[in-house]
Structure formats: structure tokens, C-alpha cells
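A short reminder: the numbers here are calculations on the coordinates, not readings from a lab. Just so it is clear, the model here is predicted, and its values are computed rather than measured. Every residue, glycine among them, receives a Cβ derived from its backbone with ideal geometry; neighbour counts consider all protein chains shown.
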Amino acid sequence: MSLQLYNTLTRQKEEFKPRDAQHVAMYVCGPNLYGPAHIGHALSYITFDVLKRYLKFRGYGVKHVQNFTDIEDRIIESAKKENTTIEALAEKYIARFLNEMDSLNIQRADVYPRATEAIPTIIKMTQGLIEKGMAYELDGDVYFRVRADEDYGKLSHRSLDEMEAGARVAVDERKYDPMDFALWKSSKPGEPAWASPWGPGRPGWHIECSAMNLNEHGAQIDIHGGGQDVLFPHHENEIAQSESYTGKQFSRYWVHNALLHLPGQDKMTRHLGGLVLIPEALSRHSSDAIRAFILGTHYRSPLAWTEEGVDAAERGLERLRAAVKDAVASTTLDGAADAALNQAAAETRKKFIAAMDDDLNTAGALGTLYDLARDINRARGEGASPQDLAPAQATLQELAGVLGLMLQEPKRAVSADESEKINALVAERNALRAAKKYAEADKMRAQLTEMGVEITDSAQGTTWRKVR
RNA sequence: GGCGACGUAGCCAAGUGGCCAAGGCAGAGGUCUGCAAAACCUUGAUCGUGGGUCCAAAUCCCACCGUCGCCUCCA
């Protein structure tokens, strides 16, 4: 079997075949930089991070391009509100965005082009579209002529007539068709502007992605991704522009993730409010837990963000983390038991791949990891040595890594002073235990718990960690 | 109005024609441990409702009920 991906263009799962058998050109729509990212963005970028990790796991080289939209009406608005420039605003949110994505263990894209750096290509494409009769100028604005594009609507599967019947947008009477959209917008005095054949202006919202794709990937790409909310009009318009300009099929596969919302509310999006920002989420949960929570549901199903849900994912993760810890027994399994464990690991790998091949069934894939974790933990209980467990543990760690899970104990930073103090208290308690003064020892446990220190006694001694 | 999705155990969620309907959380009982924690073992569902097709349906078809997304800026 090979990877099957749901393609929005054809509305079905298709076998994934990149143009080049070895390399995949992937473009994922990046954020508009008018404000901070939220966990809805996290969901989308985690989804495509897993897609990329899986493609690499399957042996492909991947060139991943993700844009930053750093010029757009809302950015101008936000800059005005914050009394700063669009450049400064963009820099601020780019730094913050990259930092937050790193915290979520999302691998960085290979290139992060910015709309403002693609202006020459944008102008070139706009001009080319005018020359082909696919676009027209009106008082310094340039519009794409949707009626000239015979397959306009093929991605979102709607016809112009249908859309116009239900249109909720105010109609600009100057345009040939109400659905014609701006490639170039003339700017008003005081607004950021670039020189163009049509006078000073700025790019429309959709053309930048077409231009950046052309710059970074060329005319054709394999995968174009984004949230379902940008399917229409953004991606529809991107196809229209790019294919009209190059005369070639733009992207072979279109992948869209469903949206995240809060219980009982609409999708999370910045202009509606009701946001959970990423630092807020990370202050309460590990990045593994956030990822496991998100990946526990298929990427094309909508997901309600709940603190309880993420907490549940965190508790489940503990078993996975326990499974990759060292064995302490000095004995070894007998040959049959050891072979059975290795067999279980091989089975897990197969099932994991089968699940991921099926349109990234991360929930199913995650399930196979829990099964393997149980096998490992059981073997450890039966006296497996570190050498016995190592191969299965390596498999678990590797497959978890495909989902971007690190399986490390979340630890709170502890100062040297504090550490010394805790060590002293733990030693004191152990002295009491050695003297069988258990009541007093338990009082000390309570005291440590009060301090946010969790202690664990075992035959090998007492370990502790700061949990809050 | 147009297009589309979904309804599986207390909660989350895989499975889309045929082995006992994955897995996680929570709950109950147990093993281990001075205690605790962890880990492990045991334990729960005729798959929204009503019809139909089929030797066989959670899985296909129809109807109904309910929830939701997109059609406007948005990951």
C-alpha cells in the first residue's frame, strides 16, 4: 500500500504520487500577521507538520514552503491601531509565531517567503493576466475576470451562478462580475504602496500565494494545504490566477484541515474572538499533550478544544512516556518472550503505517502506540533487561516522533537552591522511612506535595520531580 | 437558498460489507508497594430513529430527527 490522501479537488482519497518519485513540493498557507496565532493555527500547522514528517518517514524529500502574509488590509488596520508600521508589526508577529511553533515541536518550513518580497512577481503575474484577457484595470485597481476562467469554482465545487444567487457581499457595480476579485489595489494616501504600471498600490489578498509558489516551487506543486476556511475564496482564486497565468495544473493535491472551536461556539478565528492563544495553552499543557489531543481526531473532522480533553491526553501520554524509560531489572527475558516483544514492535510498525497511509489516520496510529507501550510495560514487569526492551522502545520512540511526540517528562525548571532544599527533605524523609517512622514520613510527603514536588519510591531509591 | 460534513460505551475517538466493534480518559475490582504513585491484569456498546438491499450492514440506499461547517475577513 501507499499513502492515500483526500484531495479536495476530486473529493476523494487518491493514491499520493508526486511528480518526482523522490521529492515533494508542498506549500502551506501561512498566517496573516495582523495578530498573534491561536490554537486553531496550532491544529493546522501540527496537521501539516505530521504530513511532512510522515512523507519524510516514507522516504520522500520534502521542500516545504510556508508564506507570511505581511501586507493586507487588516495589517494596515492593526498597525494603525498599535501606532506602528506594518513592517514592525510583521516582524513582531513573525518572531512570536516561529517561537510558538518551535514550542509545539513543529518543524520549520524550508522557506518562509513574504508577500512584500514577492511584489515584482506579483506585478509580473498581474500584467500577464491582463495581457491574456484574464484581468482588467479599473481606476488603478486590477481585477481577475472570473467569467473568463472556464473552470472557476472547481476546487470549492460551486458554480458562479450558484454563488451569486446567495451572495452576501455588497456588489461593486464597476466590476464585470460580482465575483471578480482584486489582484492589485490602488492605495489611498498614507497607506503602504508599491509602484506599479497601474499606479501606487498593493497586492490583493490571493495573488501573493500564487506569486510565492511560482518563486519558490515553479509552476507546479504536489501538495497545497490550509484550513477549510481558506478553501473559498482564497484557494479557489489562487488556482484561477496560477493556472490562468501558467497554463499548467497548479497543485496536484489540495489538503484542508477542519477547524477547531470551543464547545458551543463557532470556529476559533481572530476577528470573532473567543481565542485560546498558544502561550496560554502551553502554560497548562505539554506540547506532546496538545499534539496528542489534536491528533486524536482525524484532521478532516472538526474538533472542540476542552481543557479536560487535553488533560486526558496528558494522562494517556504518561503511559507512553513510562514505556520508553529504562528498564531496571538485571534479569533478562527468555528467548521466546523477547522474540514476542520484538514481533509486537514489528506489528505495531505495520499497523501504524497502514493507519497513516489511510489519509493520515493519526487517531488510529496513536492507538497502535498505546498497544506497543502496553507490551513494553508488561515485559518490563516480567523482568526484561534494558537490552530486551531497547528495540521495541526504539520503535515506539521513532513512530511517536513521526507524530512529533517527544515522550519526555514535562519538567519544571528548578533552581540549584531549590533542588538542594528538596534533596535534603527527601533524604530526611527516607531516614524516617528507614527507621519505620511512617507517619512522620507521610507528613513529609504531604509537605513536599504542597511544594509541588512529586516523589516516587522504588527499590532503586526515591526520585522526585517538580510538577507545578 | 446552494454545497458539504457529522451522529459509535459516562466523555473523547478509530473502524465504512463478514475475525470477539481499535485506542485514550473516567469508573469498578485485583496484583505489586510500609504508604502513595507508576505499571500490569480483569471489567462496559446490538454503532441517532424508522424502513430497504444483501447469505451477511455501524459500514450501501431512502426517509426522518438532531448537530455542525462553507458560501464575507479567517489556519
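Here the alpha carbons of the stretch A:416-466 define both size measures, Rg and Dmax, at 10.3, 30 Å. For the stretch A:230-322, trypsin sites (Lys or Arg not before Pro) are listed when DSSP marks them as loop and at most 10 other Cβ atoms sit within 10 Å of their Cβ; the list is A:248.
Extent along the principal axes, Cα only, for the stretch A:193-329: 72, 38, 27 Å, with the longest axis given first. Calculation over all alpha carbon pairs of the stretch A:304-402 in 5 angstrom steps from 0 returns a P(r) of 2, 13, 23, 22, 17, 12, 6, 3, 1, 0 percent. From the residues A:390, A:355, A:313, which one has its Cα farthest along the dipole of the stretch A:304-402 in the positive direction, the dipole being from +1 and -1 charges on Cβ of Lys/Arg and Asp/Glu about the Cα centre? About the Cα centre, the residue reaching furthest to the positive side is A:390.
Seen from every direction in turn and averaged, the convex hull around the alpha carbons of the stretch A:4-51 projects onto 4.5 nm².
Listed by chain and number, the lysines whose alpha-carbon sits under 29 Å from that of residue A:350, ignoring those within fewer than 8 places in the same chain, are A:13, A:17, A:52, A:56, A:63, A:325.
Which semi-axis lengths, in whole Å and largest first, follow from the square roots of five times the eigenvalues of the Cα gyration tensor of the stretch A:46-146? List each step's numbers first, then the result.
Numbers: eigenvalues 196, 108, 19 Å².
The equivalent ellipsoid of the stretch A:46-146 has semi-axes of 31, 23, 10 Å.
Each principal axis of the Cα cloud of the stretch A:20-261 was taken in turn, and the coordinate range along them, longest first, works out to 50, 44, 34 Å.
Neighbour counts of other Cβ atoms within 10 Å put A:217, A:235, A:38 in the fewest-to-most order A:217, A:38, A:235. Out of all Cα-Cα pairs in the stretch A:354-468, roughly what percent, to the nearest whole number, are more than 20 Å apart? Roughly 60 percent, once rounded to a whole number. Compute log10 of I(q)/I(0) for the stretch A:153-249 with the Debye formula, placing one identical point scatterer on every Cα and leaving out solvent, at q = 0.11, 0.23 Å⁻¹, to two decimals. For the stretch A:153-249 at q = 0.11, 0.23 Å⁻¹, log10 I(q)/I(0) is -0.40, -1.32. Projected onto planes of every orientation and averaged, the convex hull of the alpha-carbon atoms in the stretch A:228-270 covers 3.7 nm². Residues A:314, A:236 in ascending order of nearby Cβ atoms (within 10 Å, fewest first): A:314, A:236. Taken about its Cα centre, the stretch A:303-387 carries a charge dipole of about 260 debye when Lys and Arg each add +1 at the Cβ and Asp and Glu each add -1 at the Cβ. Charges on Cβ only, +1 for Lys and Arg, -1 for Asp and Glu, centred on the Cα centroid of chain A; of A:127, A:55, A:463, which one is farthest towards the dipole's positive end? So the residue furthest toward the plus end is A:463. Note that chain A, at 37 °C in a medium of 0.692 mPa s, gets a Stokes-Einstein diffusion coefficient of 130 µm²/s from its Kirkwood radius over C-alpha pairs.
For chain A, a simple Cβ point-charge model (Lys and Arg +1, Asp and Glu -1, everything else neutral) yields a dipole of about 1000 debye relative to the Cα centre. Percent of Cα-Cα pairs per 10 Å bin, from 0 to the last occupied bin, for the stretch A:298-352, please list those. Bin by bin from 0 Å, the calculated values are 17, 30, 31, 16, 7. Fully extended, how many nm does the chain gain between residue A:414 and residue A:73 (0.36 nm per residue separation, minus their Cα-Cα distance)? Once the chain is fully extended between residue A:414 and residue A:73, it gains 118.2 nm.
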